[in-house]
Each structure stands twice: as structure tokens, then as C-alpha cells.
Amino acid sequence: MMPRTQWRKSSYSGGTANDCVEVALAHPAVRDSKDPDGPALVFTPDAWSAFLTELQSTTTPLL
């Protein structure tokens, strides 16, 4: 668990669903909302930036 971290869900999740991916931006990390005390994938700022750049540049549908 990451103390004092504010987690955000996508607006596409409907706001109350607990089967979403949550993102922490202060310390780039991703976790499963079904297990908020479980593990989180933590990224370096450079790795997170590269990940976002790749997502924004893809032409293949992600879903």
C-alpha cells in the first residue's frame, strides 16, 4: 500500500464500480480497485511518461 496517495479512476468507470484500474499520479502507480490494500505497479516518472506517450500515439483500439 502507498500511504497518503490519492488514487483516481477513469470517468468511464461510472465512479462507483470496484472493478477498475486506479492511477496515482503523485508517484506514478497503478492498482486494482477491488484490492486497494494489495500490490501496486509503481513506475519511474520516465517510464510513466513513455507509457502515456505510447498510449496516446497508438492507432490500434485498446478495447
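Answer yes or no: is there a residue in segment 28-51 that is in a loop (DSSP other than H, G, I, E, B) and modelled with pLDDT under 80. No, every residue in segment 28-51 fails to be in a loop (DSSP other than H, G, I, E, B) and modelled with pLDDT under 80.
Glu22 meets all of the listed conditions (1) of a type in the set (Asp, Glu); (2) at pLDDT 90 or above; (3) outside any strand (DSSP E or B) but one, namely (3).
The values are calculated or read from the model by the stated rules, or taken from the named source; none is laboratory data. Computed from a predicted structure; not experimentally measured.
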